[in-house]
Every structure is written in C-alpha cells, then in structure tokens.
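Right, one structure below, let's go through it.
The values are calculated or read from the model by the stated rules, or taken from the named source; none is laboratory data. Source: prediction; values computed, not measured. Ideal geometry is used to build each Cβ from the backbone, glycine not excepted, and the neighbour counts take in all protein chains shown. With ligands, DNA and RNA removed, areas are computed over all heavy atoms of the protein, side chains included. Shrake-Rupley method; radii C 1.70, N 1.55, O 1.52, S 1.80 Å.
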Amino acid sequence: MSAEQAARRERVTGEPRTARPLPRHRAQSEIDEQTALGEAYVRSLMRGQLRAALTGFAVLALTVATLPPAFRALDDPAVTWCVLGFAVYGPLGLIAWWYVRTAERNERDFARLVADRPTEGRPPHGGPTRARAPEPGSPNTRPDHGSRAS
C-alpha cells in the first residue's frame, strides 16, 4: 500500500434517506378552517394579550392609587403640582412601553407559530432548547479525523 492510499480519508455515512415533505402552514389552515386546534391557537394569543393588558392596568391602577395618600402626606401644593405635572409621566411611559413590547412579542410568537418557525430563545413546540449530538456509532455520524483546523 502506498503512502497516498494510506492518507486518503473516507466518510462513512448511512443509507441515503429521502425526506418527506412536511405539511406547510398547518397551523394557518387550522385557524382558517376554524377547527378546535385553530381556536386554541387564537385563544392562546388572546389570553396572552389580555394578560399583558391586565398586568399593565394593575400596575397603572396601583401607581395612581398611591398618589392621593402621597399628596396628603406631602401637604404642599407646589410639590403636588410638580408630581402631577412631571413625575407621573415617567412611570406612565414605562408602563406603555412595556405593554407595547409585550403585545408585539406575543403577536410575533403567534406569527412564527402559524408559519411553523421556532421562536427565538424558546424551544419549538415544547422540544429541547439545543440540538443533541448524534449517538456514537450511529449510521449518520461523519468522522473527519482532523480534516478541519481547530
């Protein structure tokens, strides 16, 4: 055996498989046909949006409810008007920013679900969050034996 034949590397792979085409936009058709599963998808979106709205409203209500006791404790009309004129808008803007961000994220996740694309940073359809390494000795492993530089 010559040195060229000994240095030659081969990849051993399993039997070629043909991939079955997956049904496209299954969730979209479920929603369009108004099936029980499509109803569950829409109900899930509406529940997420309602949760965000009620949370934002609760934070706003707690913030506004604390103002009268705070004004009574301050007992200074100038400070009261400064708080009403300036200090209230910061938390109000933060609540609005949080709500819009949450609502858009809910809608983006729903659109990805309908398009059968995984959401960023979340497992697709309850699956694992990271890919698993192939089992040693499985027919689809491809040992390179150092052909790539580390």
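Checking each residue in the stretch 55-103 for being free of Cβ contacts under 8 Å to residues at least 12 places away in the same chain and of a type in the set (Phe, Trp, Tyr) picks out Phe57, Trp81, Phe86, Tyr89, Trp97. Selection of the stretch 85-100 for residues being open to solvent by less than 70 Å² (accessible area, probe 1.4 Å) and part of a helix (DSSP H, G or I) yields Gly85, Ala87, Gly90, Pro91, Gly93, Ile95, Ala96. Among the residues of the stretch 49-79 satisfying the criterion of being open to solvent by 70 Å² or more (accessible area, probe 1.4 Å) and not in a helix (DSSP H, G or I), which is nearest to Leu94 (Cα to Cα)? The residue in question is Thr66.
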